[in-house]
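Each remark here refers to the structure printed beneath this line.
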Amino acid sequence: IMRVVAGSAKNKKLKTKEGRETRPTLERVKEAIFSIIGDEITECSFLDLYAGTGSIAIEALSRGAKRAILIEQDKEALRIIIENINNCGFENKSRAYKNDVIRALEILQRKGELFDIIFLDPPYKENISSDTLRKISECKVLKEEGIIISEHGNYEKLPDEIGDFVKYDERDYNKKILSFYRYK
């Protein structure tokens, strides 16, 4: 059973999609993400790419993020995200969109959207973390002091520099790796 770990929606249960396509972030990895970013979550704007169940953005909102935008391509996953958001009472602080992430980043750029924290956890098989990071750099949707957290498989080695970003931290959790980027 997945649940919100901390904050205003603590212990709320989150629905997950049946099957293997969405791999919810493990609770200990989720804990690690939020202990690493710490107070930066307070009042931030949060972008969750390849949102899956929405659990990371919901955790961010529960811990004090001001607003969150979630992007998910799968229709069934999107339905679950919206259900989870409503169940936790965050419908006024978040928007979930069904879209391809690369296209969504272009739309967010056109709208002049800027985020303090961007989280991405793409499907592991496709090695698309690097492409996504490059696109975030191109679209300039990260605030100057913002951070990007990329969750990826341990066989996908992300470069120390990509686009305008530099990797400043990396944590290994068995088969999952968290890579942290900010502007050079």
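Mind listing whichever residues of segment 163-183 are at negative phi, outside any strand (DSSP E or B) and modelled with pLDDT under 95?
Selection gives Lys175 alone.
Considering only residues of segment 1-60 that are in contact with a Phe, Trp or Tyr (Cβ under 8 Å, 6 or more places away or on another chain) and of a type in the set (Gly, Ala, Ser), which is farthest from Ser150 (Cα to Cα)?
Looking at the filtered set, the residue picked out is Ala9.
List the strands (runs of 3 or more DSSP E) that sit entirely inside segment 12-113 and contain at least 3 residues that are under 27 Å from Arg134 (Cβ atoms) and open to solvent by 70 Å² or more (accessible area, probe 1.4 Å).
Result: 94-98.
Run down Lys143, Lys135, Lys111, Lys125 and say which single residue is in contact with a helix residue (DSSP H, G or I) (Cβ under 9 Å, 6 or more places away or on another chain) and either of a type outside the set (Ser, Thr, Tyr) or modelled with pLDDT of 95 or more (or both). Give the steps one after another, and end with the answer.
On the way: Lys143 fails: in contact with a helix residue (DSSP H, G or I) (Cβ under 9 Å, 6 or more places away or on another chain); Lys111 fails: in contact with a helix residue (DSSP H, G or I) (Cβ under 9 Å, 6 or more places away or on another chain); Lys125 fails: in contact with a helix residue (DSSP H, G or I) (Cβ under 9 Å, 6 or more places away or on another chain).
That would be Lys135, the only listed residue that is in contact with a helix residue (DSSP H, G or I) (Cβ under 9 Å, 6 or more places away or on another chain) and either of a type outside the set (Ser, Thr, Tyr) or modelled with pLDDT of 95 or more (or both).
Within segment 86-119, which residues are of a type in the set (Val, Ile, Thr) and touching a residue at least 24 places away in the same chain (Cβ under 8 Å)?
Val101, Ile102, Ile117, Ile118
Mind checking which residues of segment 114-161 are in a strand (DSSP E or B) and open to solvent by 60 Å² or more (accessible area, probe 1.4 Å)?
Of everything in segment 114-161, those that are in a strand (DSSP E or B) and open to solvent by 60 Å² or more (accessible area, probe 1.4 Å) turn out to be Lys143, Glu144, Glu145, Glu161.
Would you pick out the residues in segment 59-77 that are aliphatic (A, V, I, L, M) and over 19 Å from Asn99 (Cβ atoms)? Steps first, please.
Going residue by residue through segment 59-77, those that are aliphatic (A, V, I, L, M) are 60-61, 65, 68-71, 77.
Ala60, Leu61, Ala65, listed by residue number.
Can you pull out the residues in segment 162-184 that are open to solvent by 20 Å² or more (accessible area, probe 1.4 Å) and closer than 23 Å to Gly112 by Cβ?
Scanning segment 162-184 gives Gly163, Asp164, Arg182, Tyr183, Lys184.
The values are calculated or read from the model by the stated rules, or taken from the named source; none is laboratory data. As the structure is a computational prediction, the values presented were derived from the model and not from experiment. So basically every Cβ, Gly included, is an ideal-geometry build from the backbone, and we count neighbours across all protein chains shown. All accessible areas refer to the heavy atoms of the entire protein, side chains included, with ligands and DNA or RNA removed. Shrake-Rupley method; radii C 1.70, N 1.55, O 1.52, S 1.80 Å.
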